[in-house]
Structure formats: C-alpha cells, structure tokens
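Since the structure comes first, as structure tokens, the remarks are kept for the end.
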Amino acid sequence: MKSPGVLLISAPLFFSGYGVIRLFGLGDGRYGPGVDWQAAHIVGLIGMVLFIPAVLGLEHLLPQGNWRTGTVIVTLVGLAASIVQFGADIAFAAMAEDKADMSRLSHEFSAIPGVRPAFYEVGPPLFFLGLIVLTVLLTRAGRLPWWSPVVMAVSTMVPMLTLDLIPLAGIGIVASVVALRTDTDEFEATSAVRANG
C-alpha cells in the first residue's frame, strides 16, 4: 500500500457518523440498547477498522526511522483497544434487556483485572496520540503543512471535553490530512533539491 488514499478520509467520517447518530439517539432520551445505539456503534466500529489500513498507508509516506515504527505500533495498539471497546458495547447492547442490564454487563467486563486500563483508560487514547505524532512526522517530512498537527491535536482532544463534539472531531481529522502529499516522485525530487542546496 503506497498511500492511505480515500481510507484516510472515510475512516474519520465514519467516526463523525458515529457521533451524529449518537446525538440523534440522545435526542429522544432513550439512548441505550436499541437500533440507534447499535447503528452508532457499528458505524464507529467500521471507522476504527478503516483506520488500520489508513495508518499503514501513512507509514509508507514516512522516511525510515525508530519514530516511524514506534508511532505506528502505538497507534495500532490504540486502534485495537478502541475496536475491542466498540465491539464490547455492541455485544452488551445485543444481550441486554434494558439500559440497566447493559450497564451491568459493561461493569462486569470492565471489572475484569486489566480490562479498564487496557480498553478504556489507556488503550484508546494511544490511538489519538499516535495520530498526532504521525501528523507531526508527516509535517517534518514535508508531506503536510505546519498547521496540520495543530488541527489534529485539537480534533483528537475535543471529545475529551464532551462526546457530543465527536462529529466535529472527525471532520477536524479529515481537515488535518486533506493537504497530504502522496506523490512519491514529486516528494523525492523536492527532497533532493533541498539536500543539494
């Protein structure tokens, strides 16, 4: 895979879609086990899965180095944790009779030693941290403009304020990478000119 291409755009848009469906579900005051919950989380899960090839595509746009490999690994670990979290939420909603029952199932899962830090507290944030660092590396490599890491950082942090901002976060992620230069020949030619002088 030479370029993340459309995946890098569609993945965060699916993430935004999760946030939009979630907001509609909250609007009727009955967001929990049901069609709206499942639809939101399935869309979110698709977005997380699409991020895997997108991140691997970004790896090929970076020069060799320890930062590249380490950052990609951290990002994928965070993605795996997020995928488990979405999958668990979907499974619990399918098994639960009502919101209280879903909360009970979720609590029982998170009470398993190591589950909460791995899949809720530490794991998922690694994905967003990885995206920020990847954007910084791409900017240093001349693939993105200087403002891209700033937009990425703000976009990945706003859901920490409130999950209601997830739709804006996804759009912000798209905005931060929309100027990505993936023309390898052009990039190498420009780099050669800079190196020579």
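Remarks
- The coefficient of translational diffusion for region 3-53, derived via Stokes-Einstein from the alpha carbon Kirkwood radius under 25 °C and 0.890 mPa s, stands at 220 µm²/s.
- List Met160, Met48, ordered by accessible area with a 1.4 Å probe, largest first: Met160, Met48
- Note that region 1-97, at 4 °C in a medium of 1.567 mPa s, gets a Stokes-Einstein diffusion coefficient of 89 µm²/s from its Kirkwood radius over C-alpha pairs.
- Area accessible to solvent at Ile42, 1.4 Å probe radius, in Å²: 80 Å²
- The 1.4 Å probe gives accessible areas that order Trp37, Trp147, largest first, as Trp147, Trp37.
- C-alpha long axis of helix 7-27 to longest principal axis of the chain, angle in °: 30 degrees
- The residues of the chain expose on average 51 square angstrom of accessible surface per residue, using a 1.4 Å probe on protein heavy atoms.
- When the P(r) of the chain is calculated, the portion above 21 Å amounts to 53% of the C-alpha pairs.
- The chain - percent of accessible surface contributed by carbon and sulfur, probe 1.4 Å: 69 percent
- Label-to-label distance, Arg140 versus Val154, with points set 7 angstrom from Cα along the beta-carbon direction: 2.4 nm.
- Remark: region 29-84 projects, on average over all directions, an area of 4.6 nm² (convex hull of Cα atoms).
- Area accessible to solvent at Leu144, 1.4 Å probe radius, in Å²: 10 Å²
The values are calculated or read from the model by the stated rules, or taken from the named source; none is laboratory data. A quick note: this is a predicted structure, and the numbers were derived from the prediction, not measured. Cβ atoms come from the backbone with ideal geometry, glycine included; neighbour counts cover every protein chain shown. These accessible areas exclude ligands, DNA and RNA; they are computed on the full protein's heavy atoms, side chains included. Shrake-Rupley method; radii C 1.70, N 1.55, O 1.52, S 1.80 Å.
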